[in-house]
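The values are calculated or read from the model by the stated rules, or taken from the named source; none is laboratory data. Note that the coordinates shown come from a computational prediction; the quantities given were computed from them, not determined experimentally. Note that each Cβ is placed from the backbone with ideal geometry, even for glycine, and that neighbours are counted across all protein chains shown.
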Ligand code: C5P
C-alpha cells in the first residue's frame, strides 16, 4: 500500500512579533493563509526506512536537509514513538514549495508525513494528538495540518480557523539563496530592542479579509519580520518596488523571507505582474489562497 498526502505552503498576512520569551521563542499574533504551492509526500510499505526528495529544477537540491536530518525523519520518529511502533516506510517527497524561503515548506512536509504515516501504519491518531505532535516538530507545522486561513498565537503553534470567503491571488518570487529563520529573528531582536511583550494584534487584517476587497487587504498586510529580512537581504527591497511598479497592489516579504509575495487584484492581474517580473527574474510563480491543509490525494 502507498499513500500520498499533499500539504500547502503558508504565507503570513499579518505577522505581529513580540519580545522573546524566556524559552527564546517569540510570541506571535499571525494570520496564516495556505496557498496553492504544495509538496506531496508519499509513504509506502517497506521493512526499513528510506527517504527520497525530488525538487524542481529551480530548487537547489543541496538546500534540502539530507536524510536523517530532514524534518520528515523527525516526524516519523515522533509519531512512531508516540504509539510505540517501529519506524518502517519508504517515503518520497516531491517539493514545489521554496526551501528556506519563509513559506514553511519543511513544515508542510512534516505535516504531510504525519498524516501519511498515520494512515499507512493504521494508527488512527486523534486530531488533538496530531496537532500536539505537529507543534513539537515546529511552530507552523500545526497550521499546515489545518490549512485555510487561521489565526496563529503562542509561538505560532496555536491555530484557530478564521472566515476567509474570498480567493486572493498572489505572485510568489523565490530567491536562489535561502534565509535562516533563527538568523532573521536574531536580527529582529537587534533592530527592535524595545519590542512589546504583546505582538501587534490582527484586527485590521481580519476586517480587511472580511471585505473580500484586495485593495483593502493590500493596505492591511503586515510583517514585523520584514525589516529584519530586508536588513539581511537589502536586494529584496528592489524586488518589492519592482513588483509594485509592475502592477501589484502590494509587495511584502513572506514570513522570515527571502521569498517575496505580491498581492494582485485578480487572476489576470497576477499573470500580468508575473509576466513583468519574469523579464528580470528566473522563477516567478502565480498561486492563490486559501486552500486546504494536509490531505490524502492518493491511496494505491
Ligand atoms: O518552531 P520552528 O522550528 O519553526 O522555529 C525555528 C526557529 O525560529 C526557532 O529555533 C527560533 O529561533 C525561531 N522562532 C522564534 N519564535 C517563533 C518561531 C520561531 O524565535 N515564534
Subset of region 153-184 (residues that are closer than 22 Å to residue 262 by Cα and within 16 Å of the ligand (Cβ to nearest atom)): 178, 179, 180, 181, 184
Strands (runs of 3 or more DSSP E) completely within region 1-108 that count 2 or more residues being farther than 23 Å from residue 281 by Cα and within 14 Å of the ligand (Cβ to nearest atom): 2-17, 28-44
Residue under evaluation residue 195, criteria (1) crowded, with 17+ Cβ neighbours inside 10 Å; (2) in a helix (DSSP H, G or I); (3) within 15 Å of the ligand (Cβ to nearest atom); (4) over 22 Å from the mean Cα position of the chain (by Cα), criterion not met: (2)
Residues within region 122-139 that are within 16 Å of the ligand (Cβ to nearest atom), surrounded by fewer than 21 Cβ atoms within 10 Å (Cβ to Cβ) and assigned to a loop (DSSP other than H, G, I, E, B), tallied: 0
Qualifying residue in region 88-101 (condition: out of contact with any helix residue (DSSP H, G or I) (no Cβ under 6 Å at 6 or more places or on another chain), surrounded by fewer than 21 Cβ atoms within 10 Å (Cβ to Cβ), free of Cβ contacts under 8 Å to residues at least 12 places away in the same chain and more than 26 Å from residue 290 (Cβ to Cβ)): no
Per-region count, region 199-226, residues surrounded by fewer than 15 Cβ atoms within 10 Å (Cβ to Cβ), within 23 Å of residue 20 (Cα to Cα) and in contact (Cβ under 8 Å) with a residue 24 or more places away in the chain: 1
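Which of the residues spanning region 33-70 are crowded, with 21+ Cβ neighbours inside 10 Å and within 25 Å of residue 175 (Cβ to Cβ)? So that I can check it myself, show each step before the final result.
Filtering region 33-70 down to residues crowded, with 21+ Cβ neighbours inside 10 Å leaves 33-35, 37-39, 41-43, 53, 59.
Matches in region 33-70: 33, 34, 35, 37, 38, 39, 41, 53, 59.
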Selected residue (criterion: farthest from residue 26 (Cα to Cα)) from residues of region 140-163 that are surrounded by fewer than 21 Cβ atoms within 10 Å (Cβ to Cβ) and in contact (Cβ under 8 Å) with a residue 24 or more places away in the chain: 163
Candidates 5, 29, filtered to the one that is modelled with pLDDT of 95 or more, surrounded by 24 or more Cβ atoms within 10 Å (Cβ to Cβ) and in contact with a strand residue (DSSP E or B) (Cβ under 7 Å, 6 or more places away or on another chain): 5
